[in-house]
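Engineer: Input: one structure, supplied below.
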């Protein structure tokens with residue numbers, strides 16, 4: 001299947017419009033584990049003029065504001081922005097495309113994106129736009145999910161689908177991401193002109209009540225992974241859930257399941 005950025009954008013847009021209302025109570029439990037590290041990487045503190053790119057329901061924007069930053073957000077999903085504005089009525093949120101932001105040059109001290117850049121059809125264009133809207137000496141920091149070998153939540157799901165379902169069932173357009181390794185993120189920062197690049201693997205745990213919650217959360221709070229789950233036959237889905245429950249038993253303690261998750265966190269600086 002040929003890469004079509006317009007098809008990727010339409011697929012992602014439809015998916016996030018549908019996931020917006022449930023995101024805070026579902027997938028934010030996983031993505032939220034990395035917000036502190038993301039803001040620290042961008043040196044976000046009191047007075048930082050900050051843009052939260054691909055802000056979704058404004059979770060990072062709100063946390064940055066509580067740190068004292070002059071925080072605003074941008075997203076292409078009107079439904080996500082409705083959630084963001086309701087949760088943060090005093091903050092400014094822009095509707096727009098990460099590859100062509102409706103924002104002035106040199107407007108921000110820092111731009112962050114928590115698991116947003118790899119959903120953009122052409123991440124290099126998005127980072128070029130980040131470079132444009134940053135002031136000289138400004139910082140960018142963004143997180144992307146690491147590959148399943150390092151990311152047990154996805155490993156549990158994908159292995160169960162491989163064994164009992166159809167990994168190709170979703171028929172989703174090819175992703176423009178490919179940012180699930182330190183090398184890929186380092187290359188992207190370098191190619192878009194950022195200096196002082198630092199990229200690391202950050203590990204956290206996702207606490208869930210029962211293994212079935214993994215499937216439910218992926219189904220309601222994601223896009224590409226949700227499409228994979230929705231495309232499975234009902235009988236296969238039951239077997240997939242049973243396989244996840246069996247394998248997840250290794251991560252149970254204190255009455256909870258603590259599933260290891262990992263992100264690639266990249267940080268760069270616009271030269272002065």
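The values are calculated or read from the model by the stated rules, or taken from the named source; none is laboratory data. Fair warning: this is a prediction, and the values are worked out from it, not measured in the lab. Cβ placement follows ideal geometry from the backbone for every residue including glycine, while neighbour counts extend to all protein chains displayed.
Engineer: Could you check, for the stretch 59-66, whether at least one of its residues is at pLDDT 95 or above, loosely packed, with under 15 Cβ neighbours inside 10 Å and under 17 Å from the mean Cα position of the chain (by Cα)?
Structural biologist: No, the stretch 59-66 contains no residue that is at pLDDT 95 or above, loosely packed, with under 15 Cβ neighbours inside 10 Å and under 17 Å from the mean Cα position of the chain (by Cα).
Engineer: Determine, yes or no, whether residue 160 is more than 28 Å from residue 93 (Cβ to Cβ) and surrounded by 21 or more Cβ atoms within 10 Å (Cβ to Cβ). If you could, list the steps in order and put the result at the bottom.
Structural biologist: Working: more than 28 Å from residue 93 (Cβ to Cβ): yes; surrounded by 21 or more Cβ atoms within 10 Å (Cβ to Cβ): yes.
Taking the combined requirement at face value, the residue satisfies it.
Engineer: Moving on to the next point. Return the pairs, sorted by first residue and then second, in which the second residue is part of a helix (DSSP H, G or I) and surrounded by 16 or more Cβ atoms within 10 Å (Cβ to Cβ), the first residue lies in the stretch 25-39 and is on the phi > 0 side of the Ramachandran plot and in contact (Cβ under 8 Å) with a residue 24 or more places away in the chain, the beta carbons are less than 7 Å apart, and the residues are 6+ apart or on different chains.
Structural biologist: Nothing qualifies.
Engineer: Given the residues 42, 69, which is the only one that is within 23 Å of residue 126 (Cα to Cα) and free of Cβ contacts under 8 Å to residues at least 60 places away in the same chain?
Structural biologist: On the way: 42 fails: free of Cβ contacts under 8 Å to residues at least 60 places away in the same chain.
Unique residue meeting the criteria: 69.
Engineer: Could you list, in sequence order, all residues of the stretch 229-238 that are in a helix (DSSP H, G or I) and either at pLDDT below 95 or within 16 Å of residue 219 (Cα to Cα) (or both)? Steps first, answer last, please.
Structural biologist: First pass over the stretch 229-238, keeping only residues in a helix (DSSP H, G or I): 229-230, 234-238.
229, 230, 234, 236, 237, 238 - these are the residues of the stretch 229-238 that are in a helix (DSSP H, G or I) and either at pLDDT below 95 or within 16 Å of residue 219 (Cα to Cα) (or both).
Engineer: If I filter the stretch 242-272 down to residues being more than 21 Å from residue 150 (Cβ to Cβ) and part of a strand (DSSP E or B), which single residue comes out as farthest from the chain's Cα centre (by Cα)? Steps first, answer last, please.
Structural biologist: Filtering the stretch 242-272 for residues more than 21 Å from residue 150 (Cβ to Cβ) gives 242, 245-246, 254-256, 268-272.
Okay, now just the ones that are also part of a strand (DSSP E or B), so 256, 268-269.
On the way: 256: 24, 268: 18, 269: 21 Å.
Residue satisfying both the conditions and the ranking: 256.
Engineer: Considering 128, 153, which residue is under 21 Å from the mean Cα position of the chain (by Cα), surrounded by fewer than 18 Cβ atoms within 10 Å (Cβ to Cβ) and over 15 Å from residue 178 (Cβ atoms)?
Structural biologist: The unique qualifying residue is 128.
Engineer: What number of residues within the stretch 111-158 are over 29 Å from residue 229 (Cβ atoms) and in a helix (DSSP H, G or I)?
Structural biologist: 9
Engineer: Of the residues 86, 21, 30, 7, which is more than 30 Å from residue 137 (Cβ to Cβ), out of contact with any helix residue (DSSP H, G or I) (no Cβ under 6 Å at 6 or more places or on another chain), part of a helix (DSSP H, G or I) and modelled with pLDDT under 95?
Structural biologist: Answer to the selection: 7.
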